[in-house]
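Asks: What follows is a single structure, and I will ask about it in a moment.
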Amino acid sequence: MKYSVTPVRGTVDYLPREMETRAYAERIILDTYKENGFLQIKTPILENLDLLTSGDSGDNQKLMFKTIKRGEKLDLSKPNLSEQDIVEEGLRYDLTVPLVRFFANNKEKLPYPFKAIQIDEAFRAERPQKGRIRQFTQCDIDILGDSSPLSEIELLSSGMKAYKKLGFKNLTIKVNDRRVLNELITKSGFAETEIIPVCVSLDKFDKIGVEGVSKELLDNGYEKSNIEVLMNYFSNLKTANSDSESFSKLAEIGVSENIIESLQTIIETSGKFLDESYSIVFDATIIRGQGYYTGTVYEIYDNEFGRAIGAGGRYDKMVEKFIGTPVPAVGFSIGFYSVVMLMIERNFVPKSKKLALVYDKNSNYEEIINAKNNLIEKGYEVSIFAFPKNFNNFAEKLKSNNINLLVKIADLNKIIEL
């Protein structure tokens, strides 16, 4: 039998050089988050289905991988089997839902407000494309317990510091508020119960445009007149030449003053702490399809890449589902896969002290290990190799895996840069 050795569709093998960049980026992000006062936690990749199917995560919930029951629990002989008869748990599709469960389970042991770091894997059965895979790392910070705009400002400030340290320039933070969307939707004639499914469609603006969103809403059975009013709101907002003009248009539509003031505070204050190549703007088309968002939502765009490489928002109602009392919550996530992909494409190579120690047939094992240990003590990361037959090919493979230094055991004082 011949086995396929390529990864499962939507998953990736990472070569040593790619792992160097991933490890470097993860270390920078984690250190930045920690120096800004966030505390690292870890949750299981498996969660209960009732948690993952709570209806708060929009299309992400539909992309969940589910695990099959095992042993006596799995009875395939039953007639008319349903999915519920076969599946038992699910792989987490983001880190927010597990964080809320973690907080509900451990709140008595945690400081309040709780400022969390999660850097871990998530899984979604979506169509693989550039910047999107099925198993991916999320780099999240969240604040649970503070309802003020200071939380959004702190998250954005901390996250953008990480991007800067990773060498990213020319980024734009696009900010909106789900309460703005809620009011635009209801003022267009939709019922409050229709807000979340309408937002799921609106979240596809960047993929299918106004016409595509309008068609999807129409296909989903919504009134054509309501759809036209809603699309006109967005078209009108799109003509604004500044945030202040956008906010004036929102006020004219009748959006609540306190919501507009919150957006202004977050955008204006955050803007004062950004790198000069970064900008922050209001954008009414930033939706974030997850149903759990209740307030501010934002996406971080790499202007050269033309797509988001980070996102987040406020989800004030979610914790209450678990513990029965309101706990405000807001989060920020760096799109790790896209960030590392762009770093590699832009020829970023982490500084390395990786060194190849090459020995010949006359070397004995004790001599080789002694030489290796002495080089390690000098700060090198040392790999041992026998002298190759094809030295040029050998050197190219070393360089492609970020091993750029070489020393021969016959002359340990002469370190060669490849």
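Asks: Looking at region 189-202, which of its residues are surrounded by fewer than 21 Cβ atoms within 10 Å (Cβ to Cβ) and not in a helix (DSSP H, G or I)?
Replies: 189, 191
Asks: Here are 322, 348: which of them is closer than 30 Å to residue 148 by Cβ, touching a residue at least 40 places away in the same chain (Cβ under 8 Å), surrounded by 13 or more Cβ atoms within 10 Å (Cβ to Cβ) and of a type in the set (Phe, Trp, Tyr)?
Replies: Values: 348 fails: closer than 30 Å to residue 148 by Cβ.
Every option except 322 fails the conditions.
Asks: Among the residues of region 291-304 satisfying the criterion of being aromatic (Phe, Trp, Tyr) and at pLDDT 95 or above, which is surrounded by the most Cβ atoms within 10 Å (Cβ to Cβ)?
Replies: The residue in question is 298.
Asks: Can you confirm whether residue 263 is in contact with a Leu (Cβ under 9 Å, 6 or more places away or on another chain) and in a helix (DSSP H, G or I)?
Replies: Working: in contact with a Leu (Cβ under 9 Å, 6 or more places away or on another chain): yes; in a helix (DSSP H, G or I): yes.
Yes; evaluated as a whole, the condition is true for this residue.
Asks: Collect the residues in region 225-241 that are over 15 Å from residue 202 (Cα atoms) and either surrounded by 13 or more Cβ atoms within 10 Å (Cβ to Cβ) or modelled with pLDDT of 95 or more (or both), keeping them in residue-number order. Walk me through how you get there before you give the answer.
Replies: Taking region 225-241 as the starting set, the residues that turn out to be over 15 Å from residue 202 (Cα atoms) are 225, 236, 239-241.
If the condition is that a residue be over 15 Å from residue 202 (Cα atoms) and either surrounded by 13 or more Cβ atoms within 10 Å (Cβ to Cβ) or modelled with pLDDT of 95 or more (or both), then 236, 240 are the ones that fit.
Asks: Quick check, is residue 252 modelled with pLDDT of 95 or more, acidic (Asp, Glu), assigned to a helix (DSSP H, G or I) and out of contact with any Pro (no Cβ under 6 Å at 6 or more places or on another chain)?
Replies: No, not satisfied.
Asks: Please go through region 47-73 and give me each residue that is more than 16 Å from residue 83 (Cα to Cα) and modelled with pLDDT of 80 or more, ordered by number.
Replies: Hits for region 47-73 are 47, 51.
Asks: Let me ask you something else. Scanning for something free of Cβ contacts under 8 Å to residues at least 24 places away in the same chain, part of a loop (DSSP other than H, G, I, E, B) and not aliphatic (A, V, I, L, M), does region 139-155 turn up at least one residue?
Replies: Taking every residue of region 139-155 in turn, at least one turns out to be free of Cβ contacts under 8 Å to residues at least 24 places away in the same chain, part of a loop (DSSP other than H, G, I, E, B) and not aliphatic (A, V, I, L, M).
Asks: Could we say that residue 69 is farther than 21 Å from residue 51 by Cβ and more than 14 Å from the chain's Cα centre (by Cα) here?
Replies: Answer is no for this residue.
Asks: Checking the structure you have, find out if any residue of region 53-67 is among the acidic types (Asp, Glu) and part of a loop (DSSP other than H, G, I, E, B).
Replies: yes
Asks: Could you list, in sequence order, the residues of region 19-38 that are basic (Lys, Arg) and either in contact with a strand residue (DSSP E or B) (Cβ under 6 Å, 6 or more places away or on another chain) or touching a residue at least 24 places away in the same chain (Cβ under 8 Å) (or both)?
Replies: Of everything in region 19-38, those that are basic (Lys, Arg) and either in contact with a strand residue (DSSP E or B) (Cβ under 6 Å, 6 or more places away or on another chain) or touching a residue at least 24 places away in the same chain (Cβ under 8 Å) (or both) turn out to be 22, 34.
Asks: Which residue, of 241, 226, 236, 232, is more than 29 Å from the chain's Cα centre (by Cα) and not in a helix (DSSP H, G or I)?
Replies: Checking each option against the conditions leaves just 241.
Asks: Oh, and also: From the set of residues in region 109-160 that are basic (Lys, Arg) and in contact with a Lys or Arg (Cβ under 7 Å, 6 or more places away or on another chain), which is surrounded by the most Cβ atoms within 10 Å (Cβ to Cβ)?
Replies: 124
Asks: Determine, yes or no, whether residue 167 is small (Gly, Ala, Ser), part of a loop (DSSP other than H, G, I, E, B) and either in contact with a Lys or Arg (Cβ under 9 Å, 6 or more places away or on another chain) or not assigned by TED's automatic domain parsing to the domain that holds residue 326 (or both).
Replies: Judged against the criteria, residue 167 is a match.
Asks: So is residue 172 surrounded by fewer than 21 Cβ atoms within 10 Å (Cβ to Cβ), assigned to a helix (DSSP H, G or I) and on the phi < 0 side of the Ramachandran plot or not?
Replies: The answer is no for residue 172.
Asks: Ok, one more. Given 163, 222, which one is within 30 Å of residue 348 (Cβ to Cβ), crowded, with 21+ Cβ neighbours inside 10 Å and touching a residue at least 24 places away in the same chain (Cβ under 8 Å)? Steps first, please.
Replies: Numbers: 222 fails: within 30 Å of residue 348 (Cβ to Cβ).
Answer to the check: 163.
Asks: Here's something else I'd like to know. Only one of 277, 270 is modelled with pLDDT of 90 or more, among the small types (Gly, Ala, Ser), part of a helix (DSSP H, G or I) and touching a strand residue (DSSP E or B) at 6+ places or on another chain (Cβ under 8 Å). Can you tell me which?
Replies: Exactly one of 277, 270 is modelled with pLDDT of 90 or more, among the small types (Gly, Ala, Ser), part of a helix (DSSP H, G or I) and touching a strand residue (DSSP E or B) at 6+ places or on another chain (Cβ under 8 Å), namely 270.
Asks: Just name the residue that is nearest to residue 169 (Cα to Cα) out of those in region 225-278 that are out of contact with any helix residue (DSSP H, G or I) (no Cβ under 8 Å at 6 or more places or on another chain) and basic (Lys, Arg).
Replies: Applying the filter and picking the extreme gives 272.
The values are calculated or read from the model by the stated rules, or taken from the named source; none is laboratory data. The structure displayed is predicted, hence computed values, not measured ones. Please note: Cβ atoms are built from the backbone with ideal geometry, for glycine as well, and neighbour counts cover all protein chains shown.
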